[in-house]
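First comes the structure, then the notes that go with it.
Every number in this text was worked out from the coordinates using simple rules, so none of it is lab data. Since this is a predicted model, take the numbers as computed values, not measurements. Because the Cβ atoms are built from the backbone with ideal geometry, glycine has one as well, and the counts that use them run over all protein chains shown.
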Amino acid sequence: MEDNMDSVAGDTLNQAALAHIDALFGYAMTLARDAAEAEDLVQETYLKATGAANQPPAGSNLKAWLFVIMRNAWLNHVRHDQSGPRFVELETNEQMDDSGGNPHVVYLRKLEQKQVREAIEKLPQAYREIVVLRDIEGFTYQEIAMVLDCPAGTVMSRLGRARAKLRASLATWQRISRARAV
Amino acid sequence: MKICEDTCKRLNLYLDNELQGDERAAVEAHLQECGSCASVFKRELSFINAIRECGPMHVAPPALRAKVQETVNGAGPKPFPAKRIVSKAQVRLGLAIAATLLMLLSPILIWRVMNRSPQSAASSFALMAAETHLRHSRGQLPLEVESGAPQHISEWFANKVNFSVKLPNYQESSGQEKLYTLEGARLVGYKEDYAAYVSYSMNSRPISLVITSDSVAHPSGGEEIDARGLKFHYNAIDGLKVLTWSDRGLTYALVSDLEERGQQSCIVCHQGTKDQDLIEPLKLH
């Protein structure tokens with residue numbers, strides 16, 4: 001109903017959606033890795049989200065719904081981009097350094113946030129995306145499954161591999177920085 | 001041992017709050033009795049906390065925020081500047097749709113503009129405080145120190161943040177009925193620095209106080225309320241009530257889901273004091 005556009009609830013919804021602009025910009029940067037493209041993606045997301053024909057399903061998580069819109073918009077651009085796919089999928093047989101017992105991890109809290117951020121930025125696309133969705137944005141596995149349009153089991157396994165790679169990357173960084181300090 | 005193996009496999013699920021009921025209780029029970037698994041758990045918790053403290057990794061530029069504000073306010077979308085990822089055909093289609101919508105909805109838009117309250121967007125500090133409150137409520141940001149003693153919390157922050165955190169203890173000194181509980185505190189990342197996060201609860205409802213230096217965050221946006229020489233900024237963010245203000249070199253954000261503007265949460269500092277002249281202007285009239 002078009003009347004919904006005029007309702008107080010609709011106005012509140014739009015303002016609530018605005019509260020997620022930093023999170024959406026962060027996710028857009030994760031996807032596009034370019035500030036100008038990320039800004040365009042954020043604008044397009046809000047344009048779609050505030051359209052009368054595009055309302056969040058009843059009872060749904062507004063933030064997760066906005067992320068779904070953004071990801072779909074991004075995938076549409078990638079599919080239509082003549083320069084070829086930019087959304088690199090994971091290789092399923094990727095060799096992982098699962099350093100679950102790595103003693104360096106105990107020192108991780110002492111690492112500067114900068115190093116952790118850099119390590120996240122260097123993760124492959126799909127790993128970076130799932131770490132951002134879970135650990136930076138705080139989505140549940142079910143919400144991430146909705147955003148990524150995949151089973152919750154895939155979320156769990158991909159997140160495990162992403163964290164293992166991040167852990168290994170940070171341990172390597174620490175070994176290098178220690179060697180430099182000696 | 002198989003139980004250790006099973007527990008370690010489930011640690012990430014446990015840390016991500018994906019285990020419920022008996023499964024969660026089983027992991028907790030094993031961690032209580034097995035030092036080896038408890039040690040692995042501490043490492044994992046430390047690792048995941050280090051990642052989570054990185055957020056937010058990006059902040060939307062002010063110009064983008066302004067453009068999006070226009071869009072959500074219904075002022076009509078502006079054509080995208082030098083479209084880089086949308087084709088010209090899509091832009092033309094979008095403009096055609098926007099023009100049609102504008103014609104159809106113009107009476108509604110005029111009504112909305114006339115009835116809009118003069119508020120601006122919440123500050124990044126208010127948004128961070130609301131997000132931190134939500135994440136802590138969901139169990140995603142565990143406290144680093146748990147204590148009901150304000151003095152203990154104040155001491156814990158010494159040398160961890162570059163400002164002095166002195167929590168008042170009006171509740172104890174007033175001798176009045178205990179209306180709220182101090183639960184603990186932790187550090188949270190904000191603009192390449194640490195801010196102080198203090199958690200309270202009142203009738204089982206969480207109240208969050210986030211503190212940083214006023215050189216790092218300036219309260220802005222939202223509804224402005226003057227009270228006793230201070231300017232409070234009130235925002236409703238995701239159903240939460242967020243009050244931000246600066247006083248004597250520090251900037252504060254108080255977050256709750258309490259009624260009206262959440263001014264009841266002010267009692268965490270002002271219970272038992274004759275500060276009604278401070279709190280009264282925050283009430284809706």
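Amide H contacts of B:Ala227: B:Phe232, each under 5 Å away and 5 or more positions distant or on a separate chain (H built 1.01 Å from N in the peptide plane; Pro and chain starts excluded). Take the Cα of B:Lys2, step 7 Å toward its Cβ, do the same at B:Val161, and the gap between the two points is 4.9 nm. For the range B:177-260, the set of GluC sites (Glu not before Pro) satisfying both a DSSP loop assignment and a count of at most 15 other C-beta atoms within 10 Å is given as B:Glu177, B:Glu192, B:Glu259, B:Glu260. 3J(HN,Hα) couplings calculated from phi for the range B:8-22 with the Karplus curve 6.51 cos²θ - 1.76 cosθ + 1.60 (θ = phi - 60°) are, in sequence order, 5, 5, 9, 4, 5, 4, 5, 5, 8, 6, 9, 9, 10, x, 4 Hz; Gly and Pro show x.
Among the listed pairs A:Lys48/A:Lys165; A:Lys63/B:Lys160; A:Lys63/B:Lys191; A:Lys165/B:Lys42, which have their C-alpha atoms separated by more than 29 angstrom in this model? Table pairs above 29 Å Cα-Cα are A:Lys48/A:Lys165; A:Lys63/B:Lys160.
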